[in-house]
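Some notes on the structure that comes next.
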Amino acid sequence: MKSGDKLPSERELSEQLNVGRSSIREALRAMELLGLIETRRGEGTFMKAYRPYYMVELLSNFLLNESRTKSELLTAKHMLEKEALFLLAGTLSENQLCRVSQILNIHEKKQKHHEVFHYLFELCNQNLLLSMWQFISGFAHTTYELEYDEQWYEKLVHVLDEGTSLDVMDLYNSNT
């Protein structure tokens, strides 16, 4: 089903799935809490548009209550980003460096970091690292208001162009 599609009634779902209406009602309440559906009085229940960070935001409220966990989350995010930079430092083609610059110039401040690192993880051809980074970055996004200034991104481009492992470490040490 897609956003805006109407779900069958509780009675119809109960018959189709051969379960009690109370079970259907409970499942629908859970789906509504998760932001997957919405109920409109007198109209029925409808699928909602998928919001990629909604689940992460919801889970983060329950999972990330201790400051130690929050700090560890940020450390893990930085570790994954550094790994991508270790793999790519000084190895990008002129076209790839141009693309990084385009991303940094086109995107809004809040999207810039996500978009550029998404591209870098793709260049690394490390799908597992990309998935881990997206998940952790999503949690970090709900917990921290992370800001990187233009100078940090200039250093990032330098690291990608002709940097070393020490330059990668310096990049993150200068922003903490």
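The values are calculated or read from the model by the stated rules, or taken from the named source; none is laboratory data. Keep in mind it's a predicted model, so treat the numbers as computed, not measured. Note that we place each Cβ from the backbone using ideal geometry, even for glycine, and neighbour counts take in every protein chain shown. When the accessible area is computed, the model is the full protein with side chains, heavy atoms only, and any ligands, DNA or RNA have been set aside. Shrake-Rupley method; radii C 1.70, N 1.55, O 1.52, S 1.80 Å.
Identify all residues within segment 93-129 that are of a type in the set (A, V, I, L, M) and open to solvent by 20 Å² or more (accessible area, probe 1.4 Å); write none if there are none. Scanning segment 93-129 gives Ile106, Leu123, Leu128, Leu129.
Leu59: closer than 21 Å to Leu130 by Cβ, modelled with pLDDT of 65 or more and either of a type outside the set (S, T, N, Q) or out of contact with any strand residue (DSSP E or B) (no Cβ under 6 Å at 6 or more places or on another chain) (or both), yes or no? Answer is no for this residue.
Entry remark, segment 40-52: residues being modelled with pLDDT of 90 or more and surrounded by 11 or more Cβ atoms within 10 Å (Cβ to Cβ) number 4 in total. If you go through segment 20-39 and keep only what is closer than 30 Å to Lys110 by Cα and either at pLDDT 85 or above or among the hydrophobic types (A, V, I, L, M, F, W, C) (or both), you end up with Met31, Leu33, Leu34, Leu36, Ile37, Glu38. If the condition is being open to solvent by 90 Å² or more (accessible area, probe 1.4 Å) and without any contact (Cβ under 8 Å) to a residue 24 or more places away in the chain, then segment 154-169 contributes Glu154, Leu166. Taking segment 136-153 as the range and being part of a helix (DSSP H, G or I) and surrounded by 14 or more Cβ atoms within 10 Å (Cβ to Cβ) as the test, the residues that pass are Ile136, Ser137, Gly138, Phe139, Ala140, His141, Thr142, Thr143, Trp152, Tyr153.
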